[in-house]
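Everything below concerns the one structure shown next.
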Amino acid sequence: MNSASTYLVIMAGGSGTRFWPKSTSRKPKQLLSFGDGDKSLLVETLERFDGIVPAKNRIIVTTQALQGAVAEQVSKDVTVLAEPQGRNTAPCVYWAARAIAERDPNAVMLVMPADHYIPKVDAFKRTLGEAMKWAQRLDDLVTLGVKPSRPETGYGYLKLGKNLKGEAVAVEAFVEKPNLEKAREFFKGGYLWNGGMFVWRAEVILKAFDQSMPEMKKAWDSSEGKVEAAYPKMTATSIDYGVMEKARNVVTFVLDCGWDDLGSWTSLEGIAEVLGAQKSGGVVTSGEVLAVDSSGNIVDAPKKLVALLGVRDLIVVESGDAILIADKSRAQDIRQIVDGVKKIRPELA
């Protein structure tokens, strides 16, 4: 495929609240590194597409608040689009699609989150290549469905339909995050995780928007493409809810590359070995730990000695002037802490 006709769109506007206090509104998780390396998740995401998409065809969509921090981490050839307000992923994708269509409506458009962890890059690139060939030839909306490694309640799922040509599989339905019992059924039943990674031509996704969310084009055109005026009129919803769940031409390719979305501190346990973070007392991503009769803990405390005595299944994180101590079972609820911090110490949120 001609790389000149391929564009990469990276969604990098998330707040990463579930990784507080390491992740803050000023420097969310996509701008941070995890494990022994010093490259941020955003930089690792960009490098994943070296040799596939040239820098001049790379677009990062983020918020105005993060525009400067993002620009510091990328080359000057990369385009940074700064949203005037966060309105979920549908407006983000629509804006990027319009920008690409102005250059080349037939261009293949890769839409990727900035904060995923993919250790098997060669496997990722191979599957992506098959998806790109499909999207270039056919008017389908392609999503990369992740082969699950466990029953998981934190992800949405893809219910598969019939096998198509080659490795392509029709998507019968998008399924919301299940309870544990359902997650076990999905795991055994061959469902895939919905990884939020998409491949399509710019003209194809814009047509899908016109069919499922016609108000987006109306808002854009009535504002003459001026983002500040258009955004408040655009529906605040995800690309999944707004378009993908309604479409009948969704195809997936099975992705088996060690993927993880790094949704919370506990997600580090699943990739601890790859990160080189499995140590005494649990998973230690940064700092030094002395553990006595302690296990299953997650510790991130740079340049600190953390002593654990008789404790299990805790999250212990030190960053700047904040320390978090939480039960692992409440990892998804850390955003509640962030809401409280905004009220009493907003500079730490």
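The values are calculated or read from the model by the stated rules, or taken from the named source; none is laboratory data. Model, not experiment: these values are computed from the prediction. Note: ideal-geometry Cβ built from the backbone for every residue, glycine included; neighbour counts use all protein chains shown.
Checked against (1) surrounded by fewer than 20 Cβ atoms within 10 Å (Cβ to Cβ); (2) at pLDDT 95 or above; (3) in a loop (DSSP other than H, G, I, E, B), Phe49 meets all criteria but (1). The residue list Arg312, Arg345 contains one member that is closer than 20 Å to Thr17 by Cβ and at pLDDT 95 or above, which is Arg345. All conditions in (1) of a type in the set (A, V, I, L, M, F, W, C); (2) closer than 18 Å to Ala322 by Cα; (3) touching a residue at least 24 places away in the same chain (Cβ under 8 Å) hold for Leu8, with the sole exception of (2). For the stretch 271-293, the set of residues classified as part of a loop (DSSP other than H, G, I, E, B) and buried (at least 20 other Cβ atoms within 10 Å of the Cβ) consists of Ala277, Gly281, listed by residue number. Within the stretch 212-231, is even one residue of a type in the set (Lys, Arg), part of a loop (DSSP other than H, G, I, E, B) and closer than 16 Å to Ala99 by Cα? Taking every residue of the stretch 212-231 in turn, at least one turns out to be of a type in the set (Lys, Arg), part of a loop (DSSP other than H, G, I, E, B) and closer than 16 Å to Ala99 by Cα.
Find the residue count for the stretch 248-270, including only residues that are outside any helix (DSSP H, G or I) and within 24 Å of Arg126 (Cβ to Cβ). Qualifying residue count for the region: 14.
Give me the strands (runs of 3 or more DSSP E) completely within the stretch 98-194, filtered to those with at least 2 residues that are surrounded by fewer than 19 Cβ atoms within 10 Å (Cβ to Cβ), ordered by residue number. Break it down into steps so the answer makes sense when it comes.
Values: elements: 108-113, 141-146, 157-163, 169-175.
It comes to 157-163, 169-175.
Among the candidates Lys246, Lys342, Lys328, which residue alone is among the basic types (Lys, Arg) and surrounded by 16 or more Cβ atoms within 10 Å (Cβ to Cβ)? Testing whether each residue is among the basic types (Lys, Arg) and surrounded by 16 or more Cβ atoms within 10 Å (Cβ to Cβ) leaves just Lys328. Here Val204 fits the description: under 29 Å from Asn106 (Cβ atoms) and of a type in the set (A, V, I, L, M, F, W, C).
Filtering Arg126, Arg137 for residues that are within 20 Å of Trp259 (Cβ to Cβ) and free of Cβ contacts under 8 Å to residues at least 12 places away in the same chain leaves a single hit, Arg126.
For the stretch 76-123, filtering for residues that are closer than 21 Å to Leu262 by Cα and either assigned by TED's automatic domain parsing to the domain that holds Leu275 or among the β-branched types (Val, Ile, Thr) (or both) leaves 4. May I ask you to verify whether Phe34 is among the aromatic types (Phe, Trp, Tyr), at negative phi and at pLDDT 95 or above? It is false that Phe34 is among the aromatic types (Phe, Trp, Tyr), at negative phi and at pLDDT 95 or above.
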